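Computed from the coordinates by the stated procedures, all read-outs in this text should not be read as laboratory data. Predicted, not measured: the structure shown is a model, and the values here were computed from it. Using ideal geometry, Cβ is built from the backbone for each residue, glycine included, and neighbour counts are taken over all protein chains shown.
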Amino acid sequence: MLHLNKLTKQYATGDKALTDVELQIPKGQVVALIGPSGAGKSTLIRCINRLVEPTSGAVVLNGTELTRLGAGALRKARRRMGMIFQEYALVERLTVMENVLSGRLGYVGFWRSFFRWYPQSDVDEAFRLLERVGLDHMADKRADELSGGQRQRVGIARALIQDPELLLVDEPTASLDPKTSRQIMRLICELCAERGLAAIINIHDVALAQMFVQRVVGLQLGEVVYDGPPDGLSPDILTQIYGEEDWEATIAKVEDDDDDLAEGAVA
Amino acid sequence: MSAVLASERRKWRKPPFIRNPLARWGLIVFALVYLVLAIGTMEVNWARVYEGLERGKQFILAFSHPDFASRWSDISAGMIESIIMTITSTAAGIIISIPIGLGAARNIAPLPVYYLCRGIIAVSRALHEIIVAILLVAIFGFGPLAGFLTLSFATIGFLAKLLAEDIESTDRSQSEAVKATGASWLQWINYGIQPQVMPRLIGLSMYRLDINFRESAILGLVGAGGIGATLNTAFDRYEFDTAAAIIVIIIVVVMALEYLSGMIRARLQ
């Protein structure tokens, strides 16, 4: 469904962030992208929806070559790619509902969005999604009144209301505590399974990635150095990705507790 | 114990701003000598000051019995003109400043637009209100139209510049997230930028309203209408009681505006 073909990004400063990245992601697959800071993880997912312009290579989504689209067609293509951010990136002075509905901006005209006259079907869907992430009672709160975990749930709802085929997820748990991190990862993976969405999740926490995804891609200095199942990450491979370190503690099996989702949905 | 360590203690002083001691002391001495010489060149005609003191005293005493009544029709006409000038010029200035402010923000405008808008702002800021008013009075004649145009023009330089700077310091991730949804440029501004700068824009507009009112009192002195013209006439006729009344009114209005803008800004955020 998504195909990256020799994707390369060189910044104006001369730093090469990505070098000939090849990646095929089938429909419905959730992929974790791991690698040290500066390996090019953020650049990679921003090159897919062209928040960052790739230098060369192609991004093909369902047969459409995104890298060749003009401004209007790119906007239409962006609607099919939901993005979730590290620091949530909610517009803080807007309400939760406005933040969720902003996911429909690609579908409605300027004046409708300016006066917040969204179609009833969009409003219904927004309430359904807020209920799904456990925040329907917060609809009229301002985004900056929410806790970190709640904000990320709003971010997830904003991405899903776009009706995407692909989720681009940039460090979703980096600003969250360990328990909330797991709840958020579980929520993202469940929603992907429910809706048959493919996802690329940038993540620092290797153990967390192993817990939830079917496939791991390791990036080092802008090149793919590992692509395989999560349990194939041996200490040797982690050393290759991150450098020398004692890895036994990191890849030790972590007990997954199931009771915290119910709690999380109320919180 | 401390006696042993005393000899090993390292001294620390904040490094001086100018490292070279000769340059440092030289500059200080130069500044002092210049100050003394500069004061020496001031020519003060003490006899004139003595005479003037009496007039100053009368003017200040006039505040104890400001005369609102005898020129009330002139004062009220001037006040109404000033208020209309202030409100219309602030409104016009805000409306023109918003697109120019957007264009002058480096993070959202393309380079040619950026330079054009920064150029407009620079011109507006380079020319003082009085100079603009003199020019516009020469073009449009005496009266409040020249004052209105002057204040609108001055508002652009102030508001567009500060709005652009506020836009440049907005949180990028919030606007990036809006862009990623497939929003158009206008939607992006409305959802990603506007909520972040709105409180400051409203605060600055209120502040500018306040400035424009005070300026409108000055502009009358060069013939651009408003309460300033009335004030000027009162001075010319040595009617210090009337002048005092006008100044009291200006002070009350400015304080009321200050209080109002403080209240509005506190309710934002």
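Okay, here's what the table says:
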| quantity | calculated |
| --- | --- |
| Neighbour count of at most 12 Cβ within 10 Å plus DSSP loop: longest chymotrypsin sites (Phe, Trp or Tyr not before Pro)-free window in chain B | B:18-237 |
| Cα-derived Rg over Rh, computed across the range A:54-148 with Rh taken as Kirkwood radius | 1.03 |
| Selected from B:MET206, B:MET42, B:MET85 as most flexible by GNM, with chain B as the system and alpha-carbon contacts under 10 Å | B:MET42 |
| Longest to shortest principal axis, alpha-carbon extents of the range B:45-91, angstrom | 48, 26, 14 |
| Rounded Å value of the spacing that divides the Cα centres of the range B:147-210 and the range A:163-199 | 34 |
| Residues B:VAL33, B:VAL254 arranged by fewest to most Cβ contacts within 10 Å | B:VAL33, B:VAL254 |
| Formal net charge of residues neighbouring A:SER121 (Cβ-Cβ distance under 14 Å; K, R +1; D, E -1) | -1 |
| Peptide B:168-178 - average C-beta neighbours from other chains (10 Å radius) | 5 |
| Within chain A, percent of DSSP bridges classed antiparallel, to nearest 5 | 55 |
| Volume in Å³ per residue [convex hull over Cα atoms, computed for the range B:92-238] | 103 |
| Alpha-carbon Rg with Dmax, taken over the protein assembly as shown, Å | 32.7, 98 |
| Anisotropy class of the range B:204-255 from Cα gyration tensor, a/c 1.5 cut | oblate |
| Computed lengthening from B:SER173 to B:TRP46, 0.36 nm per intervening residue step minus Cα-Cα distance | 39.2 nm |
| Mean Cβ count within 10 Å, highest first, over the residues of peptides B:97-109, B:119-131 | B:97-109, B:119-131 |
| Average other protein chain Cβ within 10 Å of Cβ, residues A:75-85 | 3 |
| Neighbour-limited loop hits for GluC sites (Glu not before Pro), the range A:159-250 (at most 13 other Cβ within 10 Å; DSSP other than H, G, I, E, B) | A:GLU244, A:GLU245 |
| Estimated FRET transfer efficiency (B:ALA256, A:TYR11; beta-carbon r; R0 45 Å; 0.05) | 0.25 |
| C-alpha center-to-center spacing [the range A:22-87, the range A:207-242] in angstrom | 20 |
| Of the DSSP H helices in chain B, those whose Cα atoms cover at least 27 Å axially and whose Kyte score averages -1.0 or more | B:21-41, B:72-103, B:144-168, B:194-219, B:240-267 |
| Whether chain B is rounded, prolate or oblate, judged on the alpha carbon gyration tensor where a/c under 1.5 counts as rounded | oblate |
| Candidates per trypsin sites (Lys or Arg not before Pro) in the range A:109-217, loop by DSSP, up to 13 other Cβ within 10 Å | A:ARG116 |
| Estimated [θ] at 222 nm from DSSP helical runs (n ≥ 4, -39500 (n - 2.57)) normalised by residues in chain B, nearest 500 | -25500 deg cm²/dmol |
| Per-residue mean of C-beta atoms belonging to partner chains within 10 Å, peptide A:109-118 | 2 |
| Three-way shape call for the range B:1-160 based on the alpha-carbon gyration tensor, with the a/c threshold at 1.5 | oblate |
| Fewest-first ranking of B:SER152, A:SER42, using other Cβ atoms within 10 Å as the exposure measure | A:SER42, B:SER152 |
| Exposure proxy order (Cβ contacts within 10 Å, fewest to most) of B:SER82, B:SER89, B:SER169, B:SER73 | B:SER73, B:SER169, B:SER89, B:SER82 |
| The range A:123-240 - Debye-derived log10 I(q)/I(0), Cα point model, q = 0.10, 0.15, 0.22 Å⁻¹ | -0.35, -0.72, -1.31 |
| Exposed chymotrypsin sites (Phe, Trp or Tyr not before Pro) absent - longest run of chain A, DSSP non-H/G/I/E/B, at most 13 other C-beta within 10 Å | A:118-267 |
| All-pairs alpha carbon distance profile, the range A:2-266, 10 Å steps from 0, percent | 7, 29, 35, 22, 6, 1 |
| Centre separation in Å (Cα based) which lies between the range B:40-66 and the range B:97-145 | 39 |
